[in-house]
Amino acid sequence: MITICEGRLCFEFPDEWRAIKYDDEDGFACRKITIPDTRKVDMIVLSPSAVMLFEVKDFRHYAIENKCRFDLDGNDSLHVEIAKKVRDTLSVLIAAHRQNVDVLFDACRRTHKGDKTEVILFLEEDEECIRKFSDRRSNIQDSINIMLKPFNIRCQVQRRRTLPSSSPWRVRSRAMAETV
């Protein structure tokens, strides 16, 4: 298994996949792209069937601080942030391709060749927030999909509790992943 940790969560992918921590400070995007406010997704994952751009948001215990991020009319809302990260990540992949950056070359080649590209917004929230705002997740997903439609990219909003058992990738809390 390939394991990448982001905050309090660790993501596990099959060995035959490629997965990189894209927003790593030592990575190409952080070292070479000097355009202010360039945004980056957390991970790029290449499965046999798709290029997946992962963004991880763990809002557990931070519901009040993140409440405004779910406002679909705001410019600083979550759906706008994710769409900008995807847009900027695709741009950086072009630069990486032109500079023959090995770790990103396949992702760029596959996205521009027309392989299926999808965004996974992994959004963990406190259970009481999920019950109280039951349609919030689908509204965010729909809004992201509208913004990404010109790129022919779809977004899925996922969380640990609802991740299908058939999913080839898994998520564990960091404490659990370290004890395994």
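The values are calculated or read from the model by the stated rules, or taken from the named source; none is laboratory data. None of the values given here were measured: they were computed from a predicted structure. Because the Cβ atoms are built from the backbone with ideal geometry, glycine has one as well, and the counts that use them run over all protein chains shown. These area figures cover heavy atoms from the full protein model, side chains too; ligands, DNA and RNA do not enter into them. Shrake-Rupley method; radii C 1.70, N 1.55, O 1.52, S 1.80 Å.
Set the Förster radius R0 to 25 Å, insert the Cβ-Cβ distance between residue 60 and residue 15 as r into 1/(1 + (r/R0)^6), and round the FRET efficiency to 0.05.
With R0 = 25 Å, the Cβ-Cβ based efficiency is 0.25.
When the solvent-accessible surface of protein heavy atoms is calculated with a 1.4 angstrom probe, in what order do 60, 8 fall, highest first?
Final ranking, largest accessible area leading: 8, 60.
Any of 21/84; 57/113; 116/149; 32/149 with alpha carbons more than 23 Å apart? Name them for me.
Working: 21/84 18 Å; 57/113 29 Å; 116/149 13 Å; 32/149 28 Å.
Exceeds cut-off: 57/113; 32/149.
Which of the GluC sites (Glu not before Pro) found in the stretch 1-43 are loop residues per DSSP with 15 or fewer other Cβ atoms within 10 Å of their Cβ? Walk me through the intermediate numbers first.
Values: sites: 6, 12, 16, 25; in loops: 16, 25.
Here the GluC sites (Glu not before Pro) that fit, given the DSSP loop and packing criteria, are 16, 25.
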